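Below you'll find the structure, written out as structure tokens, and then a few comments.
The values are calculated or read from the model by the stated rules, or taken from the named source; none is laboratory data. Values in this document were obtained by computation on a predicted structure and should not be read as measured data. Please note: Cβ atoms are built from the backbone with ideal geometry, for glycine as well, and neighbour counts cover all protein chains shown.
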Amino acid sequence: MTIRVLVAEDQSAVRAGLVLILGSAPDVEVVGEAPDGEAAVRLARELRPDLVLMDVSMPRLDGVSATRQVVTEGLADVLVLTTFDLDEYVFGALRAGAAGFLLKNTEAHELLDAVRAVARGEGMIAPAVTRRLIAEFAGAAPVQAADAPGPAVLDSLTRREREVLGCLGQGLSNAEIAVRLSMAEATVKTHVSRLLGKLDLRSRVQAAVLARELGI
């Protein structure tokens with residue numbers, strides 16, 4: 001399967017480098033390039049890529065707002081790029097429904113691995129970075145945002161699904177959750193898929209943030 005990618009980055013040199021890296025992979029095709037957020041949303045509507053590689057800081061429409069539009073309209077998955085590993089805008093992008101984020105200094109093979117992981121529906125592939133991000137912005141004793149859901153949203157989950165959600169909140173991968181809860185990795189994937197559907201969430205990263213916000 002060829003993964004169709006739209007690259008949204010305002011710096012032409014950086015964008016060219018990303019396109020070069022992505023184009024070097026036989027299973028990845030760059031179908032479009034956007035120099036700003038508005039162009040990213042427009043091209044996502046026109047091209048319907050599998051994934052948008054989205055810079056978080058862009059003119060005309062920032063990456064967070066562009067991510068929200070792309071995800072809300074169901075146009076593509078979004079993998080956010082940022083210069084800072086704990087940038088508040090990154091957290092905003094994850095809240096907006098991004099599948100995850102990468103630093104711009106990520107190695108070429110890591111970028112390709114991330115694109116493939118998101119295309120498989122696995123979301124963010126760097127658990128250590130996930131844990132640091134969630135800990136920084138959700139906090140050990142989180143304060144919920146005004147529009148954040150309350151604990152009652154978890155009533156639809158089974159006990160096992162709550163346990164899996166708690167593991168997601170710790171930034172664990174499916175393999176790590178399988179070991180922690182003594183179950184098959186395929187079973188973990190099933191639980192993750194079901195709880196995302198019940199909670200009306202777009203990605204496992206959103207589930208992780210929700211888990212930390214609710215103190216699970």
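Details
- Residue count, the stretch 198-216 (criterion: part of a loop (DSSP other than H, G, I, E, B) and either surrounded by fewer than 22 Cβ atoms within 10 Å (Cβ to Cβ) or among the basic types (K, R) (or both)): 6
- Taking the criterion of being of a type in the set (V, I, T), in contact with a helix residue (DSSP H, G or I) (Cβ under 8 Å, 6 or more places away or on another chain) and over 12 Å from R4 (Cβ atoms), the residues of the stretch 44-76 that qualify are V56, V64, T67, V70.
- Scanning the stretch 23-45 for residues that are charged (D, E, K, R) and without any contact (Cβ under 8 Å) to a residue 12 or more places away in the chain yields a count of 1.
- The set of residues in the stretch 171-192 being of a type in the set (A, V, I, L, M) and within 24 Å of S156 (Cβ to Cβ) consists of L172, I177, A178, L181, M183, A184, A186, V188, V192.
- Taking every residue in the stretch 155-178 that is on the phi < 0 side of the Ramachandran plot and among the aromatic types (F, W, Y) and pairing it with any residue that is at pLDDT 95 or above and surrounded by fewer than 19 Cβ atoms within 10 Å (Cβ to Cβ), at least 6 positions away or on another chain, yields no pair with a Cβ-Cβ distance below 9 Å.
- Matching residues, the stretch 169-197, being among the basic types (K, R) and crowded, with 16+ Cβ neighbours inside 10 Å: K189, R194
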